[in-house]
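A short write-up of the structure that comes next.
The values are calculated or read from the model by the stated rules, or taken from the named source; none is laboratory data. If you're wondering where the values come from, they're calculated on a predicted model, not measured in any experiment. Every residue, glycine among them, receives a Cβ derived from its backbone with ideal geometry; neighbour counts consider all protein chains shown. The accessibility values were calculated without ligands, DNA or RNA, using every heavy atom of the protein model including side chains. Shrake-Rupley method; radii C 1.70, N 1.55, O 1.52, S 1.80 Å.
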Amino acid sequence: MATYDFSGQSAIITGGAQGIGLAVAEHLARDGARVALWDRDEALAQESAAKFEGAVACGVDIADWDSVQAAMAKTTDALGPVSICVNSAGVAGSNAPVVDYDVAEFQQIVNINLMGTFHVNRAVAPGMREAGYGRIVNIASIAGKEGNPKASAYSASKAGVIGLTKSLGKELSDMDIAVNCVTPAAARTRIFDQMSQEHIDYMLSKIPRGRFLELGEAASMIAFLCSRENSFTTGAVFDLSGGRATY
C-alpha cells in the first residue's frame, strides 16, 4: 500500500463510521492526518473515532445545512483548518421502476446524496480557498455514469455529484486545490442492506472483474487523490468499476 505524508493536515470524512469512509480514514490517519468522522450514526462514529489518536466524531445529517455548519465548527475548533475532505456518506434507496418510484423517497435520496455533497463542499471550500490549498474527493458511483435500472434516484443523484465535482474543480483550478470524484462499483458495505438481492446480483453481473470492490482498493485511490502528489488533475472522474465503465 502506497504511503503519503499527511502530517499536519486535518481531514473530514463523511460516512466515516464504516465502509469506504472508515477505510479512507484509516489510510489517512496511518499517514499522519488528523481525522474527523462525520456520520448520521453518531454512536458508531464515536466508536470508530476511538481507533485514531485525536480524532473527532460528529453526528451530522449532511442533507441539513445547519447540521453541516455545526459539524464544521466543531471540527475546526478541535483540529484547526481542514485541508482534506472525502464525501463518502450516501444512501442507495429501494429498487423500483421510475413509474412506481415513491416520490418522497426519490427526493430524500437526492437530498442526501447530491444536496448533502453540495453542503459539505460548500462548507469546506471557503477555508481551502483562503489557504490556497485543499483536496476534495466526492464519492459518486458507476451508477452515475451507466444508470442502473430500478435505481433511478441513486443513479441520478450520483450523476449530479459528478457534475458538481467538475464545476467546483474548474472554479478552484487557479489554486492548489484539487476537486475530484471516484465512481466505484459496489463494495460489500451496509449499503447492501438497502438493496434487493436481485439488484445486488445485477450489479455483480455487470462487473467484468467478476467480484465486488474491496474497501482497501478504494482507499488507496482516494488517498492518492487527497495527497500533494495529486497536484494537476482536478474536476476529474476516476474509475473504480472493475472494467464496467464504458467512458
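How high is the relative contact order of the chain, given as a whole-number percent (alpha carbon pairs under 8 Å, six or more residues apart)?
On the way: 514 pairs, mean separation 48.9, N = 247.
Computed over the chain, the figure is 20 percent.
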*Near residue 37, within a Cβ-to-Cβ distance under 12 Å, what is the net charge of the other residues, with Lys and Arg +1 and Asp and Glu -1?*
-1
*Quick one: what do you get for the range 145-195 if you divide its Cα Rg by 2.2 N^0.38 Å?*
1.42
*Quick one: Kirkwood hydrodynamic radius for the chain, alpha-carbon pairs, angstrom, one decimal?*
17.8 Å
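Work out how much length residue 197 to residue 96 would gain on full extension: take 0.36 nm times their residue separation and subtract the Cα-Cα distance, in nm to one decimal.
35.1 nm
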*Charge tally in the Cβ shell below 14 Å around residue 206, where Lys, Arg are +1 and Asp, Glu are -1, residue 206 excluded*: +1
*How big is the charge dipole of the chain about its Cα centre, in debye rounded to the nearest 20, if each Lys and Arg gets +1 on its Cβ and each Asp and Glu gets -1 on its Cβ?*
560 debye
*Specify which residue in the list 3, 25, 76 is farthest towards the positive end of the charge dipole of the range 1-86, using unit charges on the beta carbon of Lys, Arg (+1) and Asp, Glu (-1), about the Cα centre.*
3
*Assign unit charges at the C-beta atoms only (+1 for Lys and Arg, -1 for Asp and Glu), then state the dipole size of the range 17-88 relative to its Cα centre in Debye, rounded to the nearest 20.*
240 debye
*On the full set of protein chains, 1.4 Å probe, figure out the accessible area of residue 26 and give it in Å² to the nearest 10.*
80 Å²
*So what does residue 234 come to for accessible area, using a 1.4 Å probe and Å² rounded to 10?*
40 Å²
_Interchain or long-range residues, amide H under 5 Å from residue 135's placed H_ = 84, 85, 178
*Which distance in nm do the two modelled labels at residue 30 and residue 206 give, with both placed 7 Å along the Cα-to-Cβ direction?*
3.0 nm
_Net charge over other residues, Cβ less than 15 angstrom from the Cβ of residue 67 (K, R count +1; D, E count -1)_ = -3
*Kindly count the pairs of lysines across the chain whose alpha carbons are less than 16 Å apart, treating pairs on different chains or eight or more residues apart as eligible.*
6
*DSSP H helices in the chain with Cα extent of 15 Å or more along the helix axis and mean Kyte-Doolittle hydropathy at least 1.6?*
215-226
*Burial ranking of peptide ranges 34-41, 111-118, 61-68, 197-204 (average Cβ count within 10 Å, highest at the top)*: 34-41, 111-118, 61-68, 197-204
*Taking R0 as 30 Å, what's the FRET efficiency between residue 217 and residue 107 from their Cβ-Cβ distance, rounded to 0.05?*
0.40
